[in-house]
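Engineer: Quick one: the structure is below, questions incoming.
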Amino acid sequence: MDSFWKVTFDEWRKVHFTEPLWYLSIIISIIVGILNFKKTKLHISFLCYSLMAILLFVVYDLVSYYESNSTSREKIYEVINTLFCLVEIFVFYFFFSHKLKSLLFRSILRILVWIYFILVFSFYLCIYFSVFDVSQIHYLSYQMTVVEFFILLICCLIYFYELLSSDPAGSTFNLGPTFWIIASLFLYCIISLPFFIIARNLFQTNREIFFWMFSLHYVSLSFLFFCLAKAFYAKSF
């Protein structure tokens, strides 16, 4: 049996070593967040998000090596992926609930997030009771990731709409930590959303393009965490 690091190295090579770049961005975000720790809810929520990200995907890499049953391994993969999406959407829901001005938009966002939570919970029940086979689980996991990115993209567009509405000329734009977090989240969404819409079919038909697009996904996610690290330096979000 190949060593853990050889297996991990082979997996990293598939995505052109952008996965370790993502890990590096998370670690930097955590270190900066701890060194500049502030007792604010937003700071704590984003620090928890960074910690959960590194924890979940270290487990992901360990499972890829130590779990010999392929069916169980694939199920655990999708549980981890959707759990990360769930953590991500709740953290950014909390963030946007502080940043969006419109009560209507915040209410719609709250409804969408709870619908998403119900979908993920139902997905876990289906996995637990073996309602679907592995290929169906993959398909549903991709679809829930698409839904997550769609919700986050809407949040970003609403933020930019409110920003432009309050200052059409752009004369008082504040390019502070909030702007950079949302701009990097927007980039992450517009790169990842189209990819996950076609990811399942692409994996079956052209794996080279699939892994290149997965690499771009990791790069955009790394940029998001680097922007979080930058935000941790600021006095407030």
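Engineer: Is it true that F105 is at pLDDT 95 or above and among the aromatic types (F, W, Y)? Talk me through it step by step, then tell me what you get.
Structural biologist: On the way: at pLDDT 95 or above: no; among the aromatic types (F, W, Y): yes.
Answer is no for this residue.
Engineer: Can you spot a residue in the range 196-219 that is of a type outside the set (V, I, T), modelled with pLDDT of 95 or more, assigned to a helix (DSSP H, G or I) and under 18 Å from F94 (Cα atoms)?
Structural biologist: no
Condition check ((1) out of contact with any Asp or Glu (no Cβ under 6 Å at 6 or more places or on another chain); (2) of a type outside the set (A, V, I, L, M); (3) closer than 30 Å to F160 by Cβ) across all residues:
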{"residue": "E11", "(1), (2), (3)": "yes, yes, no"}
{"residue": "T18", "(1), (2), (3)": "yes, yes, yes"}
{"residue": "W22", "(1), (2), (3)": "yes, yes, yes"}
{"residue": "L47", "(1), (2), (3)": "yes, no, yes"}
{"residue": "S70", "(1), (2), (3)": "yes, yes, no"}
{"residue": "R73", "(1), (2), (3)": "no, yes, no"}
{"residue": "L112", "(1), (2), (3)": "yes, no, yes"}
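Engineer: Inside the range 95-132, can you point out the residues that are farther than 24 Å from C48 by Cβ and charged (D, E, K, R)?
Structural biologist: Scanning the range 95-132 gives a single hit, K101.
Engineer: How about the range 26-84: which of its residues are of a type in the set (D, E, K, R) and free of Cβ contacts under 8 Å to residues at least 60 places away in the same chain?
Structural biologist: Going through the range 26-84, the residues of a type in the set (D, E, K, R) turn out to be 38-39, 41, 61, 67, 73-75, 78.
If the condition is that a residue be of a type in the set (D, E, K, R) and free of Cβ contacts under 8 Å to residues at least 60 places away in the same chain, then K39, K41, D61, E67, R73 are the ones that fit.
Engineer: For the range 122-140, which positions are of a type in the set (S, T, N, Q) and modelled with pLDDT under 95?
Structural biologist: Pass one, the range 122-140, residues of a type in the set (S, T, N, Q): 122, 130, 135-136.
Within the range 122-140, S130, S135, Q136 meet the criteria.
Engineer: Does the range 128-141 hold any residues that are of a type in the set (S, T, Y) and crowded, with 20+ Cβ neighbours inside 10 Å, and which are they?
Structural biologist: Going through the range 128-141, the residues of a type in the set (S, T, Y) turn out to be 128, 130, 135, 139, 141.
Within the range 128-141, S141 is the sole residue that qualifies.
Engineer: Checking the structure you have, find out if any residue of the range 40-52 is over 29 Å from I151 (Cα atoms) and surrounded by fewer than 20 Cβ atoms within 10 Å (Cβ to Cβ).
Structural biologist: From the range 40-52, those over 29 Å from I151 (Cα atoms) are none; that's our starting set.
No, there is no match, as no residue in the range 40-52 is over 29 Å from I151 (Cα atoms) and surrounded by fewer than 20 Cβ atoms within 10 Å (Cβ to Cβ).
Engineer: Could you tell me which of the residues L100, L125, L153 is without any contact (Cβ under 8 Å) to a residue 60 or more places away in the chain, surrounded by 14 or more Cβ atoms within 10 Å (Cβ to Cβ) and not acidic (D, E)?
Structural biologist: Selected residue: L153, the only one of L100, L125, L153 that is without any contact (Cβ under 8 Å) to a residue 60 or more places away in the chain, surrounded by 14 or more Cβ atoms within 10 Å (Cβ to Cβ) and not acidic (D, E).
Engineer: Something else now. Given the structure, is S64 small (G, A, S), assigned to a helix (DSSP H, G or I) and surrounded by 15 or more Cβ atoms within 10 Å (Cβ to Cβ)?
Structural biologist: Working: small (G, A, S): yes; assigned to a helix (DSSP H, G or I): yes; surrounded by 15 or more Cβ atoms within 10 Å (Cβ to Cβ): yes.
The answer is yes for S64.
Engineer: On to the next question. With (1) farther than 25 Å from S72 by Cα; (2) out of contact with any helix residue (DSSP H, G or I) (no Cβ under 6 Å at 6 or more places or on another chain) as the list, and C189 as the residue in question, which single condition is left unmet?
Structural biologist: The failed condition is (2).
Engineer: Among the residues of the range 103-122, which ones are within 22 Å of F196 (Cα to Cα) and in contact (Cβ under 8 Å) with a residue 12 or more places away in the chain? Full working, then the answer.
Structural biologist: At the first step, the residues of the range 103-122 found to be within 22 Å of F196 (Cα to Cα) are 109, 112-122.
Hits for the range 103-122 are L109, L112, V113, Y116, F117, L119, V120.
The values are calculated or read from the model by the stated rules, or taken from the named source; none is laboratory data. Being a predicted model, the structure only gives us computed values, none of them experimental. Methodologically, a virtual Cβ is constructed for each residue, glycine included, from the backbone with ideal geometry; neighbour enumeration extends over all protein chains shown.
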